[in-house]
1. Add -39500 (n - 2.57) for each DSSP H run of 4 or more in the protein assembly as shown, then divide by its residues: what number comes out at 222 nm, to the nearest 500 deg cm²/dmol?
2. Among B:128, B:107, B:57, whose mean-square fluctuation peaks in a Gaussian network model of chain B (Cα, cutoff 10 Å)?
3. Among A:229-236, B:119-126, how do they line up from the highest to the lowest mean number of other beta-carbon atoms within 10 Å?
4. Multiply the residue separation of residue A:262 and residue A:353 by 0.36 nm, subtract the distance between their alpha-carbon atoms, and state the gained length in nm to one decimal.
5. Extending each Cα 7 Å along its Cβ direction at residue C:81 and residue C:149, get the distance between those two points in nm, one decimal.
6. Inside 10 Å of the C-beta atoms of C:93-102, what's the mean count of C-beta atoms belonging to other chains?
7. Please compute, for peptide A:339-348, the average count of beta-carbon atoms on other protein chains lying within 10 Å of each residue's beta-carbon.
8. Gain in length, residue B:205 to residue B:185, computed as 0.36 nm per residue apart minus the alpha-carbon separation, to one decimal in nm?
């Protein structure tokens with residue numbers, strides 16, 4: 001009853017093709033943005049911002065990146081962790097060489113390095129498809145992991161082998177480094193993620209998104225319609241890696257505050273892939289759902305039993321997470337291969353006609 | 001001028017001047033290759049019969065080994081533990097068929113592939129929960145597996161062959177031979193080949209797909225158990241094995257996804273190639289190139305021969 | 001039945017000529033020395049028993065298969081082979097026997113995909129969307145909506161094509177081909193699996209496309225009634241070779257054609 005579109009007529013095509021064609025959706029997104037930008041900073045504590053919201057946003061961005069490549073363009077990639085790493089190390093080197101430049105600019109720019117590396121490792125996609133391409137991305141993953149450890153220049157020759165994040169400021173306020181407050185970091189991450197999500201939604205609704213989906217659905221037919229396969233696939237790798245690179249840079253600079261190479265190991269690739277599968281392949285909102293579920297699940301598993309007086313050891317919580325995530329993936333693939341995003345769509349559909357059944 | 005020499009001449013000179021090291025490296029490569037082949041064998045079994053690319057094969061190896069060791073740690077005598085583990089693998093096969101394969105029966109390959117990701121994580125979590133995450137020692141002695149090494153003095157130096165590795169190679173060969181005979185000669189083997197060829201045709205002659213799938217996943221489970229025992233006996237039983245098992249993927253690319261001889265040949269090529277590469281060319285790059293060399297070799301193959309060494313050329317019909 | 005003489009006057013010069021084309025896959029000879037032409041503005045039917053090589057012929061024309069021998073002349077340019085992208089760029093569009101729709105996308109998006117070649121706003125405008133990219137999108141949407149109206153599929157435009165019934169899917173595929181504004185439209189069994197009503201609709205669309213937009217059409221079809229009614233000239237293939245090339249009436253009475261379809265009567269010697 002609340003969700004009806006009655007009376008909302010589109011009078012031009014632009015309105016029909018808008019991101020949120022329905023008024024209730026527009027109100028909804030405005031509310032969410034209000035909560036995110038205003039309410040949470042006012043009421044949020046360190047834990048909420050640092051341990052929940054910031055990583056959720058960062059993983060959502062990485063999931064969007066992978067979703068563009070695997071969900072929209074149909075190119076399975078197991079190299080997400082490594083591409084995130086390229087962004088992080090690129091950011092470190094950029095800010096080491098040019099410390100006076102605004103760190104946010106470098107975070108975004110580091111995405112370009114990831115994009116280049118991603119496109120390079122995407123070259124085989126012209127000849128190779130499906131599972132085989134996944135193995136090619138594994139080559140990228142393991143090779144880059146090796147680079148992160150064996151090329152000391154990348155981590156500024158630090159003795160520990162880890163990235164040490166220097167202090168950087170934005171308009172006089174510390175943004176990275178130990179003195180940056182979680183609120184500052186949260187607002188920076190939030191802004192970047194909101195803008196990049198908007199850009200991603202522009203891409204997928206337009207010509208490029210259609211080209212990717214055509215290649216995904218039937219690349220032979222895509223060619224016959226005049227789509228150039230190699231360019232389209234390379235663009236998908238480049239854009240996807242850009243997003244993952246920015247996410248990686250934010251992860252190190254705006255969340256962890258430092259990192260060792262194993263942060264970008266293959267486990268990270270799997271984690272993001274699961275977010276995308278459960279959240280919904282080929283949807284942007286699914287990236288958020290998936291990140292929320294997979295990231296928040298272990299936290300919930302640790303906290304909820306503790307709230308009831310039955311504490312679980314962190315190791316056990318982590319193992320339970322593995323089991324639950326594994327089961328969830330299988331269950332989702334059986335019940336709703338299109339993931340949480342589709343469930344959300346079905347839910348909205350039911351809302352449209354509620355309280356009537358159909 | 002120095003670099004080309006280092007890449008193209010020096011390694012071969014080294015090979016020539018220290019043949020004992022070369023033989024040692026070749027042997028180490030062979031041993032690793034045998035183990036990769038066994039993992040790839042499990043993949044091939046399942047893929048041939050059900051078209052499912054079982055990403056969980058690696059973790060099945062770990063899980064089987066863990067079960068064996070875990071049972072023994074709780075006081076079960078070695079060979080009884082072995083029997084019980086076989087039963088556990090059977091139960092796993094039945095569970096997978098009923099709860100994962102049957103509900104997903106008409107879905108695309110990618111969906112089934114992703115389901116095996118879920119299975120992987122489930123087994124990782126379950127294994128860690130039940131048996132603990134720390135590395136364990138394989139009960140090699142209790143299973144009467146050989147111990148120690150055979151050492152040769154010769155070829156200008158010294159070559160050491162671990163007896164357990166020789167045993168692994170022998171057992172792997174026996175296993176491949178048994179599987180080959182099984183596929184060619186028995187009724188069930190014939191049914192398996194029929195299912196691998198065409199599910200619908202097999203159904204129409206009365207072959208039960210479900211039974212076949214249970215058998216095939218069980219066979220893969222037994223192969224996984226054998227691999228786990230051998231691998232665990234050489235080093236230890238730990239979850240890092242799961243990542244090493246990913247190396248079976250380059251093996252499959254070389255050998256094709258449906259060829260048993262392909263899995264063997266591919267495994268040997270990757271194993272030997274990797275070890276030679278690491279030993280002779282690795283130092284040029286700072287070492288540790290084993291972690292990615294296999295994948296890059298496979299990538300190279302894919303670019304020139306997308307169907308692998310043994311696979312069939314894919315002709316797309318529209 | 002149309003009046004042949006006035007149509008003949010309207011038909012233009014040769015748009016596509018196939019000369020001596022041979023194609024084999026491994027040991028199988030799909031086409032042997034096939035030659036024919038297609039004139040601008042005509043509707044050319046390609047018929048023949050199953051396995052005659054008709055689909056292979058279309059695949060050669062639009063660059064999906066490279067023939068081992070022979071040449072193709074399209075719009076005056078001679079080539080021995082063509083890549084699918086070049087064929088699309090040159091103005092050739094086609095539909096497929098087994099449907100080659102983008103199943104994950106809606107009807108609207110599928111047809112919009114057909115406009116890809118005509119959309120030029122670059123990557124950075126796409127990132128921004130508002131401004132030139134959106135204007136271009138709206139302009140092409142307008143054009144696509146014309147095609148949707150023409151094919152009477154407005155009601156299903158937002159439905160993912162995977163969920164549509166077969167007959168409607170075929171119409172969407174035709175829409176996508178039309179969106180490319182092709183000079184030459186290749187239709188591979190557009191009436192397959194349709195009932196009488198759907199066939200009449202599709203025939204009407206084909207004739208309208210030919211007359212309203214002037215699109216040259218080559219079509220493979222099994223329904224002889226449709227072939228007789230729609231086409232200006234017919235090529236008949238059998239076992240990869242051309243056995244007849246004439247107007248529908250002449251082909252209908254051709255001995256070789258009858259033999260190819262019906263075979264030899266028993267007890268009669270050739």
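1. Result for the protein assembly as shown: -19000 deg cm²/dmol, rounded to the nearest 500.
2. Greatest mean-square fluctuation among the candidates belongs to B:107.
3. Final packing ranking: B:119-126, A:229-236.
4. Extra length from residue A:262 to residue A:353 when fully extended: 27.8 nm.
5. So the two model labels end up 4.5 nm from each other.
6. Values: counts 3, 3, 2, 5, 1, 2, 2, 8, 4, 10.
Averaged over the peptide's residues, the number is 4.
7. 0
8. 5.3 nm
Coordinate-derived values only; no laboratory data. Every value quoted in this text rests on a predicted model; they were computed, and no experiment measured them. A quick note on method: Cβ atoms are made from the backbone with ideal geometry, for glycine too, and the neighbour counts reach across all protein chains shown.
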